[in-house]
Every structure is written in structure tokens, then in C-alpha cells.
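Notes to accompany the following structure.
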Amino acid sequence: MNQELWEKSVAFHGHHCPGLAIGVRASQEAIKALSISFSEDEDVVCITENDACGVDGVQVILGCSVGKGNLIFRNRGKQAFTFFNRNTGEKIRLVLKALPEMERDEMEAFILNEPDASKVFDFKTPEYELPERARIFQSVICEECGEKTAEHMIRLENGKKICVDCSNPYTRGF
């Protein structure tokens, strides 16, 4: 484990914990598997299946972020991360294994330092393809609240352009 990157991740996240260790280790394994490094733009993409501590590790180690468009949430409540290398088309999905019961510090150390990564993660091929690059949308003024909204988030309701927050969804209970 790279101690400097771990400390940088802890500083960003605010504390050390097994959850952060999961994201840091997943990122390090993705670096090895896909020959990637910190992403200045969108060359590395991470689709995370959780919104937990490990996501912060991915941001620090690989430079994936929501604002840059290369960190995408597909929340399934799983400790799983899919990484894509846009330059080569390679991809890998890492899923945390069911680990034996351990104290927090012991679990953190195991996740970070276990030499055999296959004892920490299942390495899989994702069943979905690389998402398109982030798009820039025009802003549209919501005719209800007056706030600018990206055009793909505008709804047409009673002939008016309405943002999602002001819209009245029609679901009929399904």
C-alpha cells in the first residue's frame, strides 16, 4: 500500500476507516489491472454502486469526480466499483468479498495490506458498457420558480417548461 496516498485519502475523507480502505484498495487494483493513473479529465471512469466512504478513496487516488463527469453513481448498496480506461476500452468490476469478522482496525489493515487481492475482491467483467462522455446542456429558465435548469432536466407541463422540483409527476401509483 502507498502510505502517502492513504494519508492523502484520510485527509480528504476526514478519518480512517475500513470503508475508505475499500475504495483506496479498489482504486489501486484498478490501476494495476487497467494500466491507469490519476485522471486529469475523463480518461478513467468509475461507476460506483454505493455512496459510502470508499468513494472518497476513488476520488483521491484516481481523480474521478461527479463534476468532471467520470464518477457515476449507480447506487445498488453494494461495495462494488467498475472502472473503465477510455483509452484502451478495458474495464473491470471489483466487488468486495464477504470478509471474516474482525475489529475495525484489523479489517482496515487487511483490506489495505492483504497481498492476495482476490481475498479482498471478486474481479469481474461488468455487464454494461462505458458511458458516454459528460455533455454540456443549455440552461432553460423554469417558468414556475424562475431558476436556471439544464435542458435535459426540464419537463413540459401544461404547456410550460418546468424543472423537476416544480413538476407534478404523473405516475398513477406505479
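The values are calculated or read from the model by the stated rules, or taken from the named source; none is laboratory data. Given the structure is predicted, the values throughout are model-derived calculations rather than measurements. FYI the Cβ positions are ideal-geometry reconstructions off the backbone, even for glycines, and counts take in every protein chain you see. For accessibility, only protein heavy atoms count, side chains too; no ligands or nucleic acids. Shrake-Rupley method; radii C 1.70, N 1.55, O 1.52, S 1.80 Å.
Summary table
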quantity: Number of positions in the stretch 55-88 that are at pLDDT 95 or above, small (Gly, Ala, Ser) and open to solvent by 10 Å² or more (accessible area, probe 1.4 Å); calculated: 2
quantity: The listed residue being under 17 Å from the mean Cα position of the chain (by Cα) and free of Cβ contacts under 8 Å to residues at least 24 places away in the same chain, out of Glu151, Glu132, Glu143, Glu147; calculated: Glu132
quantity: Contacts under 7 angstrom Cβ, first residue in the stretch 61-82 being touching a residue at least 40 places away in the same chain (Cβ under 8 Å) and farther than 23 Å from Met1 by Cβ, partner surrounded by 15 or more Cβ atoms within 10 Å (Cβ to Cβ) and among the hydroxyl-bearing types (Ser, Thr, Tyr), 6 or more apart; calculated: Asn70/Ser39
quantity: Selection status of Ile72, β-branched (Val, Ile, Thr), assigned to a strand (DSSP E or B) and touching a Ser or Thr at 6+ places or on another chain (Cβ under 8 Å); calculated: yes
quantity: The stretch 1-54, residues that are closer than 24 Å to Glu132 by Cβ, exposed (fewer than 15 other Cβ atoms within 10 Å of the Cβ) and among the acidic types (Asp, Glu); calculated: Glu40, Asp41, Asp51
quantity: Residues that are open to solvent by 100 Å² or more (accessible area, probe 1.4 Å) and of a type in the set (Ser, Thr, Tyr), drawn from the stretch 115-169; calculated: Thr125
quantity: Residue tally, condition more than 27 Å from Asp43 (Cβ to Cβ), among the β-branched types (Val, Ile, Thr) and in a loop (DSSP other than H, G, I, E, B), over the stretch 96-154; calculated: 0
quantity: Conditions (1) closer than 30 Å to Ala30 by Cβ; (2) out of contact with any strand residue (DSSP E or B) (no Cβ under 6 Å at 6 or more places or on another chain); number of the one not met by Gly159; calculated: (1)
quantity: Residue in the stretch 26-35 that is out of contact with any His (no Cβ under 7 Å at 6 or more places or on another chain) and not in a helix (DSSP H, G or I) present; calculated: yes
quantity: Residues satisfying the stated conditions in the stretch 36-59, i.e. closer than 19 Å to Met1 by Cβ, assigned to a loop (DSSP other than H, G, I, E, B) and either in contact (Cβ under 8 Å) with a residue 60 or more places away in the chain or touching a Cys at 6+ places or on another chain (Cβ under 6 Å) (or both); calculated: Cys53
quantity: Among residues of the stretch 83-112, those that are free of Cβ contacts under 8 Å to residues at least 40 places away in the same chain and closer than 27 Å to Glu127 by Cα, counted; calculated: 5
